[in-house]
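Where a number appears in this text, it was derived from the coordinates with a stated rule and is not lab data. Everything numeric in this text was worked out from a predicted model, so none of it was measured. For neighbour counting, all protein chains shown are included, and Cβ atoms are generated from backbone atoms with ideal geometry for every residue, glycine included.
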Amino acid sequence: MPDEEPARDAGPGTSRRPPGALEAEVMDVLRAAGAPLSPGQVRERLAARQLEELSYSTVVTIVSRLHAKGLLERERTGRAFAYRPVDDASLAASQMSQALQAGTDHGAVLGRFVSGLSGRDARLLRRLLGEDEDQPG
Amino acid sequence: MNALVYLPLLVPVLAAAAARPLAARLEPRLATCLLTATTVALAAFSTAALALMTASVLARSPLLAALGDYSQPVLRRGDPVPALAGMAAALLLTAAAVAVAVVIRARARALAESYRRAASMAPGGRVVVVPGHSIEAYALPGSPGRIVVSGRLLDVLNDRGRAALLAHEHAHLAGRHHLFTTVAHLAAAANPLLLPVARAVDYTVERWADERAAAITGDRRLVASTIGRVALLATPRPTRLRAAALGITGTRVRPVSLAWAGPVPRRVAALLDPPPRRQLALLAIVAILILTAGVSAAEAARDLHALLEFAQAAR
């Protein structure tokens, strides 16, 4: 297995692993790290876990994909990015907010503080609140 | 079976017309319970009426007449429901069953998703702050339920505004408001004429939470101004509002027509008015509507039963 050809192209999965397993491993490494890691550091730690040797570009592909999914945050350190997991609470909340904005049925069970305003409603609201009188609060 | 069978199908039209005025005038908690019960009762009665019409037409088939040992011609003569109406009823009944199944599925998924997300959030904290620039706050039903607020929204509110916001969202969770809206929308799936009533329930649970927030903070104007301010800030179009607190110390400008207004201005207006009281006359109207539908459905069922027995005796 160590002599197995590592994926050089964009495909992160090698033949023995189900799709998504590598992503889960990478997430696991980043969660365990407790600090942002560069793709190179992620690759070293994956190797230390006795996983198959992954190419640098494969690791970059995986973390980029996780970042695009909103699972990782990144910051620039020198020439490379360092990645860290988005914490679960804000991840769950921001995904829920996306669901709300997409207008899916998921929003139906949520008690939102305010719903959207039409232009007419906004004008009406300003009148109700007496904004026209322009009194500072 | 006489023409009373059509009545349960028509009463939802009256209920739909009455829903918004009722939601505006009744005390919100009572309005929520009453309107939710109304949707359930009227959906049940109209479904029963459709089932009776379908049954009365099916009963005319020679096969069923032979099986049930009753006289087909007697049945035909005694039943005013035209075959076409019976077939339409059968179609509507099928459509209602499909619609209810679809809504049950969608709501169950939404609830499961909500519980899953609420459970995935850090233990202990009831309030979860989302980073980012959105103006957003909502109650996430779960075990325990969570209140999700964007960091920016917390930044733009002062302590009292935050207290009003959290009291409102907490009231949603404590009162299990999502169950009322879910039940009402399920009923409206069975009979789409009830959709305005289900939407009225969406509105009255917001009013219920607003009134709870007003009771907890002891300041109706505070809750009104917080809702108004947050809604204006959350509207995508840039507003001319100052970031500073929006004063509502001025007297209310009358008249403001709320006839076609969306829920937010109506909620704010209701909070600027004195608290609503129980109104027995309105309750009586709703009770009469429900009774009319129920009694006519029961009467139609009794009629069909009697007719079948008569047709059996004529055999």
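I'd like the orientation of helix B:177-190 relative to chain B: the angle between its Cα long axis and the longest Cα principal axis, in ° from 0 to 90, rounded to 10. The helix B:177-190 is inclined about 30 degrees to chain B. Loop-located trypsin sites (Lys or Arg not before Pro) in segment B:108-176 (DSSP state other than H, G, I, E, B) with a sparse environment of at most 16 neighbouring Cβ atoms within 10 Å: B:ARG126, B:ARG176.
Each DSSP beta bridge with both residues in segment B:3-313 is either parallel or antiparallel, and the antiparallel ones are about 50%. Annotation for B:ALA119 and A:ARG76: the two label points, set 7 Å from Cα along the Cα-Cβ direction, are 4.2 nm apart. The 3J(HN,Hα) values that the Karplus relation (6.51, -1.76, 1.60; θ = phi - 60°) gives for segment A:69-77 are, in residue order, 6, x, 8, 10, 9, 9, 9, 7, 10 Hz. Gly and Pro appear as x.
Extending 7 Å from Cα along the Cβ direction at B:THR94 and again at A:ALA47 yields two label points whose distance is 6.6 nm. As a proxy for reagent exposure, A:SER115, B:SER143 were ordered by neighbouring Cβ count within 10 angstrom, fewest first; the result is B:SER143, A:SER115.
The residues A:HIS67, B:HIS133, when put in order of fewest to most other Cβ atoms within 10 Å, stand as B:HIS133, A:HIS67.
Shown for A:PHE113, A:PHE81: other C-beta atoms within 10 Å of each C-beta, ranked fewest to most, produce the order A:PHE81, A:PHE113.
For the pair B:LEU154 and B:CYS33 in one chain, pulling the backbone fully straight at 0.36 nm per residue adds 40.4 nm over the alpha carbon distance.
The C-alpha atoms of chain B define a longest principal axis, and helix B:280-313 lies at about 20 degrees to it. Among the residues of B:260-270, the average count of other protein chain beta-carbon atoms within 10 Å of the residue beta-carbon is 6.
Using R0 = 41 Å, the C-beta based FRET efficiency linking B:ALA108 and B:VAL295 works out to 0.75.
Taking 7 Å steps out from each Cα toward its Cβ at B:ALA313 and B:ALA174 produces label points 6.1 nm apart. Here the extension length gained between B:ALA3 and B:ARG221 equals 73.3 nm, from 0.36 nm per residue of separation less the Cα-Cα distance.
Taken about its Cα centre, chain B carries a charge dipole of roughly 1040 debye when the Cβ of each Lys and Arg holds +1 and the Cβ of each Asp and Glu holds -1.
How tilted is helix B:28-58 with respect to the longest principal axis of chain B? Cα atoms for both, answer in degrees (0 to 90, nearest 10). The angle comes out at about 20 degrees.
Put simply, the amide H of B:LEU140, placed in the peptide plane, has neighbours under 5 Å in B:ARG146, B:ILE147, B:VAL148, leaving out anything fewer than 5 places away on its chain.
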